[in-house]
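Worksheet: one structure, shown below.
The values are calculated or read from the model by the stated rules, or taken from the named source; none is laboratory data. What you are looking at is a predicted structure, and each value in this text was computed from that prediction instead of being measured. Quick reminder, even Gly has a Cβ in these numbers, built from the backbone with ideal geometry, and neighbours come from all protein chains shown. Side chains included, ligands, DNA and RNA excluded: accessible areas come from the protein's heavy atoms. Shrake-Rupley method; radii C 1.70, N 1.55, O 1.52, S 1.80 Å.
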Amino acid sequence: MQPPLLSKSSAKQPPKKSEGTGWRVLSIGLFFLFLWLPLVDMFLPLLPKMEQTEKRALAQAPKLRWNSLKDFPVSYDRFFNDRFGGRTLLIRLNNFIHLKWFQVSPAKSVLIGKEGWLFYTQDKSIADYRGSVPFWPIHLEKIKQNISRQRVWLRDRGILYVILIGPNKSTIYPEYMPDNINRISLKTRLDQVLEFLSADEKAVMVDVRKALRTAKKEQWVYGKTDTHWNSYGAFIAYREGIKSLPENFLPVKPLSFSDFTVSVRPNKGTGDLAGMLSLAGLLEDREVHLELKGEPSCRPGKISKAVLFHDSFAEALLPFLEHHFEQIVRQHWGKKGFDYLLIEREKPQVVLYEIAERHLDALIKYE
């Protein structure tokens, strides 16, 4: 019996070229392009340059020397990781995808709130909001002793003392905090301090929280993408601070809202929190700015000199404070805390101590 004859159609044919070969070649080509592009971009810039917004100095190129030869590979690896081509662009792209598509913060220092509001997570900010890190009685007693000692020392020299607290953004805008951040207690460390102080110590403290919460019904007092109050919020705080000065000490009146033009315009997220995400210019925000129309409606009065111990919240306060002081001697409280020697040297009429709520621990340390 003879085997069946094979038809022409069933005979072995040469394999056809796959229709997907072109795409595979393109994919391989793109893979090698992206693999080598960062290295090529270091010597032949091809990618758009982005501003470096990280809060640190990038590693510098190490020098090859015999006495440090064994450390060179590690040093160069650190340099390359900080400097390879397109690094900032890739970081921004990665962070944007995490934020917009997955609603996940790519930076541990930034918390994503509701409706695009961002919050700072460091320096016990979130723990303070939750009420999970209260001061111990020993801490409160130390704060009271320090403020009392400072107040009496200044009073004996005829110097007025004002402590102004810059509230955390979550304190003023708790409604935008994410629902999964539960609150153990509504009492914050600032509440504890104000309750513990005697009337004399409490008299030097300026609590601007109520004024800011009232003002936010009219206008934003903090930005979506920044940890600090904006110009409008700073003006509210400034007014509360000036109003705390006793009239029998110096006849100083705060500027009025009628002295300013308030302008509101969209802002592409240039706040410090957007910078921590390397997304400055890519997020929605709003800028609220106060500009003096001309001469103030009332003469605010001038004090010859003030010493200002401050942190970053003071930057927005200064344009308003400068209307009341001929000279403001500034020093960050992180340098020497309450600097008695500086005060002795400058002999001011007023000492202003501005400190952010998240840094209240500093009131324990500095005497």
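Listed by first and then second residue, the pairs with beta-carbon distance under 7 Å, at least 6 apart or on different chains, first residue in the stretch 304-325 and over 16 Å from V252 (Cβ atoms) and among the polar types (S, T, N, Q), second open to solvent by less than 20 Å² (accessible area, probe 1.4 Å) and in a helix (DSSP H, G or I), form an empty list.
Every residue, every condition in (1) farther than 15 Å from L352 by Cα; (2) assigned to a helix (DSSP H, G or I), yes or no:
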| position | (1), (2) |
| --- | --- |
| R149 | yes, yes |
| Y161 | no, no |
| D200 | yes, yes |
| E218 | yes, no |
| G233 | yes, yes |
| I242 | no, yes |
| L255 | yes, no |
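Among the residues of the stretch 313-358, those that are at pLDDT below 95, in contact with a helix residue (DSSP H, G or I) (Cβ under 8 Å, 6 or more places away or on another chain) and more than 30 Å from E291 (Cα to Cα) comprise G334, K336, G337, F338. Mind checking whether some residue in the stretch 166-174 is over 18 Å from the mean Cα position of the chain (by Cα), surrounded by 15 or more Cβ atoms within 10 Å (Cβ to Cβ) and either on the phi < 0 side of the Ramachandran plot or not basic (K, R) (or both)? Within the stretch 166-174, not a single residue is over 18 Å from the mean Cα position of the chain (by Cα), surrounded by 15 or more Cβ atoms within 10 Å (Cβ to Cβ) and either on the phi < 0 side of the Ramachandran plot or not basic (K, R) (or both). Scanning the stretch 112-129 for residues that are closer than 11 Å to T227 by Cα and part of a strand (DSSP E or B) yields L118, F119, Y120. When restricted to residues that are assigned to a loop (DSSP other than H, G, I, E, B) and open to solvent by 80 Å² or more (accessible area, probe 1.4 Å), the stretch 183-198 contains 4.
Give the stretch 335-367 a look and list any residue that's assigned to a loop (DSSP other than H, G, I, E, B) and surrounded by fewer than 19 Cβ atoms within 10 Å (Cβ to Cβ), or say none. Across the stretch 335-367, the qualifying residues are G337, D339, K347, Q349, D361, Y366, E367. Restricted to the stretch 146-184, and to residues there that are of a type in the set (S, T, N, Q) and touching a residue at least 12 places away in the same chain (Cβ under 8 Å), the residue that is nearest to S312 (Cα to Cα) is N168.
Give the number of residues within the stretch 125-140 that are open to solvent by 40 Å² or more (accessible area, probe 1.4 Å) and touching a residue at least 40 places away in the same chain (Cβ under 8 Å).
5
Identify all residues within the stretch 212-225 that are open to solvent by less than 40 Å² (accessible area, probe 1.4 Å) and within 17 Å of L118 (Cβ to Cβ); write none if there are none.
Once the filter is applied, which keeps residues that are open to solvent by less than 40 Å² (accessible area, probe 1.4 Å) and within 17 Å of L118 (Cβ to Cβ), the stretch 212-225 yields V221, Y222, G223, K224, T225.
Note on the stretch 268-334: enclosed strands (runs of 3 or more DSSP E) holding 3 or more residues that are of a type outside the set (A, V, I, L, M, F, W, C), more than 16 Å from the chain's Cα centre (by Cα) and surrounded by fewer than 20 Cβ atoms within 10 Å (Cβ to Cβ) are 325-332.
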